[in-house]
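Below you will find the structure I want to go over with you.
What follows draws every value from the coordinates through simple rules; no lab data is involved. From a predicted model like this one, the values you see are computed outputs, not experimental measurements. Cβ sites come from the backbone with ideal geometry, for glycine too, and all protein chains shown count toward neighbours.
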Amino acid sequence: MTDLPNLPEGVQRVARALVEAGHPHPPVMLSDAARTAQQAADALGVAVGQIAKSIIFKRRSDGVAVLVVTSGDRRVDEAKVAALVGPVGRADADFVKQRTGFAIGGVAPLAHAQPGVTLVDEQLFRFEQIWAAAGHPHGVFPLSPHDLPRLTGGAPVADVAQAVAA
């Protein structure tokens, strides 16, 4: 396993959560920041769809953070998300940092500072292996899409992406 004390705090938190969950792959640190799905895909040599992006919304009724883990080549359909969890709005950087403990560009799908609601995009299941942020813009970890519901505490898999134009 990577030497935890030398990793940023957010990556250490994700690494510990992965170990506790019995996940066999620790985070890896990229030489360049991967703040976007395209940057991560380029750094890893994978298709942009294999990047599991973590998008945070704020549920309007109670201010709960709603995490949508979606495929890097898709956009989240807010109406589909709202149909599942209630009306949502955009979350600003301070809200994301406060609720998840991670800065935008490095939000992991697990090990959040505060519990919230999580949805997993069914489009991720097109791939055998995907990569998710590990709590820092340079940190990522590999997993199977089938690992996401378990790692996120039973998050449901749903159709939350916008339709792709033919």
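Looking only at residues that are over 15 Å from the mean Cα position of the chain (by Cα) and part of a helix (DSSP H, G or I) in the stretch 8-38, which one is surrounded by the most Cβ atoms within 10 Å (Cβ to Cβ)?
The qualifying residue surrounded by the most Cβ atoms within 10 Å (Cβ to Cβ) is 12.
Something else now. I'd like the full set of residues that are over 24 Å from residue 78 (Cβ atoms), touching a residue at least 24 places away in the same chain (Cβ under 8 Å) and either outside any loop (DSSP other than H, G, I, E, B) or of a type outside the set (Gly, Ala, Ser) (or both), limited to the stretch 128-144.
Passing the criteria: 129, 131, 136, 137, 138, 139, 140, 141, 142, 143.
Right, something else. Filter the stretch 117-136 down to the residues that are of a type outside the set (A, V, I, L, M, F, W, C) and more than 24 Å from residue 96 (Cα to Cα), then identify the one that is surrounded by the fewest Cβ atoms within 10 Å (Cβ to Cβ).
Selected residue: 128.
Find the residue count for the stretch 39-56, including only residues that are of a type in the set (Ser, Thr, Tyr) and part of a helix (DSSP H, G or I).
The number of residues fulfilling the criteria is 0.
Looking at residue 54, is it of a type outside the set (Lys, Arg) and surrounded by 17 or more Cβ atoms within 10 Å (Cβ to Cβ)?
Here the answer is yes, as residue 54 does meet what is asked.
Residues being part of a loop (DSSP other than H, G, I, E, B) and more than 19 Å from residue 157 (Cα to Cα): count how many of those fall in the stretch 75-95.
Selection size over the stretch 75-95: 2.
Further, regarding this structure: Tell me which of these residue 155 doesn't satisfy, since it passes every other one: (1) surrounded by 16 or more Cβ atoms within 10 Å (Cβ to Cβ); (2) without any contact (Cβ under 8 Å) to a residue 60 or more places away in the chain.
(2)
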